[in-house]
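Here's the structure, in structure tokens; my notes come after.
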Amino acid sequence: MATTQTAMSDGNLPAEPNSFVGRERDLAELARLLGDVRALTLCGPGGIGKTRLALRLACEIVPDFPDGAWLVELADTEDPSLVARRAAATLGVREEPDRPLAETLTVALRPRRLLLVLDTCEHVVDACAALVKQLLAGCPGLRVIATSREPLRVRGETVWRVPPLELPAVPGELTPGELAGHEAIRLFADRAAAVRPGFALDTANAPAVARLCRTLDGIPLAIELAAGRVGALSVEQIAARLGDRFGLLASGDRTAPVRQQTLRAAVDWSYELLTGPEQVLLRRLAVFSGWNLEMAEQVCAGDAIPPDQVLDLLAALIDKSLVTLDAEVGGTARYRLLDTIREYAAARLDEAGETKTFQLRLRDYTIAVAERSFAIGLARIEAPWSARVDVFRRYDAEIGNVWLVLSGCLADGDAETGLRICNAVRPCWIVRGTFAEGSEWLASFLDLDAPGVPPPVRGAGLIGRAQLILSTDPAALARSLAEDGLALCRAAGDEFWTASGLCLLAEAALHTGQAEEAASRADEALSLAQASGDGWNEGYALGIRAAIAGVRGNLREAQQLAKASIAVMRRIHQEWGTARALLGLGDLARARKDPGDARRHYLEALVILREIDARPEIARCLAGLGRVAMDLGALALARQHLAESLRLSHSTGARIGVARGLEAFAALAVREDRPELAVRLTAAAAALRDAAGLPPPSGARTERYLASARRLGENTIARLWAQGFAMSTDEAVALALEVGPEPHGFGSGDTVALTALGSDVAPTAPPGALTPRERQVVELVASGRSNKAIAEELFISPATAARHVANIMAKLGFNTRAQIAAWAAADSPSAQQA
């Protein structure tokens, strides 16, 4: 045996061809890992930057290795038996007769302290694994970094999945300077400047750069190839052409390995290394936007893939960095393809002539799951509340698949399937407040010339669309659609949708001031629902009857009906319906001038509504809490609740909610002695009511908003009214939210108000009752964060954040976030020292 001592000491790491961008946190974590582990494999799909990251890491830690860092390039090593020979040649170790080369290598490296980088192992992974296993066992001073699209699976190996470059979460809200702080954006700008000197991010091109980097999944190779096109195209043109990313990004560094010269070559390399069944599954997975194991088994199995093999094949695709393990939903793992991989797989599915087959399989699966979920969600199937909550969470996860299927149905002119899916997911659109989205889908299918659609399916679609536009246009379109749908469902004998249509017409009549018609419709719906055992519409109709009694001033009857609605909803384990009735009880308590009871009902409803993120009802609940706080003089707290309520109503496009929110802010302006603002907001609310065909608020209430402005003179009031009435909805909402700072703490007025309700800020449980996580949530509540902001900060869901807040209130005996904030301030070290 002989070795080359000088070469062994120096290493052979190549100089970097250009600047290394980003990955600072990744490098720090990897360097820390290599202090504890002996074999580190960087895994990821083609183009993710495994080699570049490994070389940069090796350069940074090479001072820790007296015998250097050595790169063994394996991309062009086709024969697995040549892996050990390539490593030996790189290290200057000569082969000995009658002795396995791996053993010779082991003896040569045993006294050395060096770093070995094995680059591009996936096509010879078994040979690489065998060599690494032997070297690690015999060479205590050796550390190995491998790059591969799948793990080596040797003892002592740590697998580190190389993530895409960091992307901005909300690029549209960031300045060019803020965007430049993200790795993907920095890489594009750096490489574009090399192609076109003087290129820089600015307000004109930054949005297109951000969109381009997101479309390319933050994959470094794809971003570099796109940046190479700025010599001939503008950034906007490049971004617009990414629908054919494989054609566009087909020209790269001529000196790079073939697999890195184009985006297609990078993905081709991975695809060709798959087994036949793995290739089949990968291309079939292109029909999903995301999926779980059950979906893959139901949709993709058959014709070369038995159902019992799907799990193993899926696991293999994850190992080979082609499938990404996504977040869990309801305790079930979900998976997705990066957009680049998905587009490639879709092209392969087309080449196999299977696209339509598996799109139809996904369609059939979606119909079955959606209609069962609808039955669970609206309690037509016996199930606990947790199962009903899961329906809404599952929709959030499946929204991409729903859009894909609906788009396919629309393209095929399949009105019946499209309407069936829309009818099934309609409760999710209502809960989430995505009224416009749902209404547009339903309108598209209702407008198709498809005479074969069964009358109850079309009727349900008409009623469903009416429900979605109820809060925007109750007087005209919602009423007309509901009447047409009711006629079809009644004639078809569909009792559920007939009762739903009657309830919808009752609500529309109530909104437009026609209490008698509302009562007649609600009574008919109630009788039909009770006779057919339809608990959802029974509880729904009772809630409408309660609202009608409240409008008529029969508060005791209204309270009894609302409680009856709650009893029905709880009997069928439908807490969303319970929360809606609790909101009614809160409104009735306010009408009785009982703020304590009102607040209790609103808070009880809010916990339920936060759990399913029922945005329209959350907005209404917060508006009620804001009104209660205002009644008690807690103006800072009132502004906090009303602001969140108005933002939610505006985001859903609910004219009724926005109008009521603007009126609440007008009342707040009166309390704050801002008469000009009160007039303008009242006028803006009146314009919204007029556009929706809603009756104006009572004259007495309007006069309360305007009375304080009388001292300004009638001409001034008329001018202010004209200004407010001419405002757009966006302008009116901005005016309401921008006047006066939002509170981030707990004012003295709030303390007085809560004390008046018989509840101060002293907890009923010791602080030690809170978990460390709940302590974190307390601090974030005290800083004024919403549940959504808390969720983002702690990497949890908004529903989980809401549950933490509810648990904290229960443990400490509080009823509001403001109490939590005040207690946190009093419990702080500085407060205790004072």
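The values are calculated or read from the model by the stated rules, or taken from the named source; none is laboratory data. Note that the structure is predicted; figures quoted are calculated from it, not measured. All Cβ positions, even for glycine, are placed from backbone atoms using ideal geometry, and neighbour counts span all protein chains on display. Just so you know, the surface numbers come from the protein's heavy atoms only, side chains and all, with ligands and any DNA or RNA stripped out. Shrake-Rupley method; radii C 1.70, N 1.55, O 1.52, S 1.80 Å.
Kindly indicate the residue of region 42-72 that is more than 31 Å from the chain's Cα centre (by Cα) and open to solvent by less than 10 Å² (accessible area, probe 1.4 Å) and also nearest to residue 132 (Cα to Cα) among those meeting that condition. It would help to see each step written out before you state the result.
Of all residues in region 42-72, those more than 31 Å from the chain's Cα centre (by Cα) come to 51-52, 54-72.
Next cut, open to solvent by less than 10 Å² (accessible area, probe 1.4 Å) only: 54, 57-58, 68-70, 72.
Values: 54: 17, 57: 19, 58: 17, 68: 18, 69: 15, 70: 14, 72: 12 Å.
Checking each candidate, the answer is 72.
Restricting attention to region 181-198 and to residues that are of a type in the set (A, V, I, L, M) and over 23 Å from residue 163 (Cα atoms), the residue that is least open to solvent (accessible area, probe 1.4 Å) turns out to be 193. When 179, 174, 142, 135 are screened for being in contact with a strand residue (DSSP E or B) (Cβ under 8 Å, 6 or more places away or on another chain), free of Cβ contacts under 8 Å to residues at least 40 places away in the same chain and more than 27 Å from residue 278 (Cβ to Cβ), only 135 passes. Among residues that are open to solvent by less than 30 Å² (accessible area, probe 1.4 Å) and closer than 19 Å to residue 579 by Cβ, residue 541 is included. Residue 626 falls short on exactly one of the conditions (1) crowded, with 23+ Cβ neighbours inside 10 Å; (2) in a loop (DSSP other than H, G, I, E, B); (3) not hydroxyl-bearing (Ser, Thr, Tyr), and that condition is (2).
Does residue 26 qualify as being under 20 Å from residue 149 (Cα atoms) and open to solvent by 40 Å² or more (accessible area, probe 1.4 Å)?
Working: under 20 Å from residue 149 (Cα atoms): yes; open to solvent by 40 Å² or more (accessible area, probe 1.4 Å): no.
Taking the combined requirement at face value, the residue does not satisfy it.
Selection over region 472-491 of residues that are under 32 Å from the mean Cα position of the chain (by Cα), surrounded by fewer than 24 Cβ atoms within 10 Å (Cβ to Cβ) and not in a helix (DSSP H, G or I) gives a count of 2.
Residue-wise test of (1) outside any helix (DSSP H, G or I); (2) within 32 Å of the chain's Cα centre (by Cα); (3) at pLDDT 80 or above.
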{"residue": "679", "(1), (2), (3)": "no, no, yes"}
{"residue": "685", "(1), (2), (3)": "no, yes, yes"}
{"residue": "688", "(1), (2), (3)": "no, yes, yes"}
{"residue": "701", "(1), (2), (3)": "no, no, no"}
{"residue": "711", "(1), (2), (3)": "no, no, no"}
{"residue": "730", "(1), (2), (3)": "no, yes, yes"}
{"residue": "735", "(1), (2), (3)": "no, yes, yes"}
{"residue": "741", "(1), (2), (3)": "yes, yes, no"}
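In this structure, residue 103 does not qualify as surrounded by fewer than 23 Cβ atoms within 10 Å (Cβ to Cβ), outside any strand (DSSP E or B), of a type in the set (Asp, Glu) and touching a strand residue (DSSP E or B) at 6+ places or on another chain (Cβ under 9 Å). If you go through region 409-433 and keep only what is surrounded by fewer than 19 Cβ atoms within 10 Å (Cβ to Cβ) and either among the aliphatic types (A, V, I, L, M) or within 19 Å of residue 290 (Cβ to Cβ) (or both), you end up with 410, 411. Looking at 724, 693, just one residue is touching a Ser or Thr at 6+ places or on another chain (Cβ under 8 Å) and under 16 Å from residue 472 (Cβ atoms), and that residue is 693.
Here is a yes/no grid of residues against (1) surrounded by fewer than 17 Cβ atoms within 10 Å (Cβ to Cβ); (2) hydroxyl-bearing (Ser, Thr, Tyr); (3) within 28 Å of residue 21 (Cβ to Cβ):
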{"site": "109", "(1), (2), (3)": "no, no, no"}
{"site": "125", "(1), (2), (3)": "no, no, no"}
{"site": "139", "(1), (2), (3)": "no, no, no"}
{"site": "147", "(1), (2), (3)": "no, yes, yes"}
{"site": "153", "(1), (2), (3)": "yes, no, no"}
{"site": "164", "(1), (2), (3)": "no, no, yes"}
{"site": "178", "(1), (2), (3)": "yes, no, yes"}
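Looking across region 199-247, the residues that are under 25 Å from the mean Cα position of the chain (by Cα) and either open to solvent by 10 Å² or more (accessible area, probe 1.4 Å) or modelled with pLDDT under 80 (or both) come down to 207, 211, 214, 215, 217, 220, 239, 240, 242, 243.
For region 322-336, filtering for residues that are touching an Asp or Glu at 6+ places or on another chain (Cβ under 9 Å) and modelled with pLDDT of 80 or more leaves 6.
Check 345, 327, 375 and return the single one that is open to solvent by less than 50 Å² (accessible area, probe 1.4 Å) and either under 18 Å from residue 398 (Cβ atoms) or touching a strand residue (DSSP E or B) at 6+ places or on another chain (Cβ under 7 Å) (or both).
On the way: 345 fails: either under 18 Å from residue 398 (Cβ atoms) or touching a strand residue (DSSP E or B) at 6+ places or on another chain (Cβ under 7 Å) (or both); 327 fails: open to solvent by less than 50 Å² (accessible area, probe 1.4 Å).
Selected residue: 375, the only one of 345, 327, 375 that is open to solvent by less than 50 Å² (accessible area, probe 1.4 Å) and either under 18 Å from residue 398 (Cβ atoms) or touching a strand residue (DSSP E or B) at 6+ places or on another chain (Cβ under 7 Å) (or both).
Here residue 612 clears all of (1) within 30 Å of the chain's Cα centre (by Cα); (2) open to solvent by less than 10 Å² (accessible area, probe 1.4 Å); (3) at pLDDT 90 or above except the condition numbered (3). Against the test of being closer than 30 Å to residue 316 by Cα and not in a strand (DSSP E or B), the options 89, 28 yield a single qualifying residue, 28.
Do we find that residue 75 is of a type in the set (Gly, Ala, Ser) and outside any helix (DSSP H, G or I) in this structure? Yes, satisfied.
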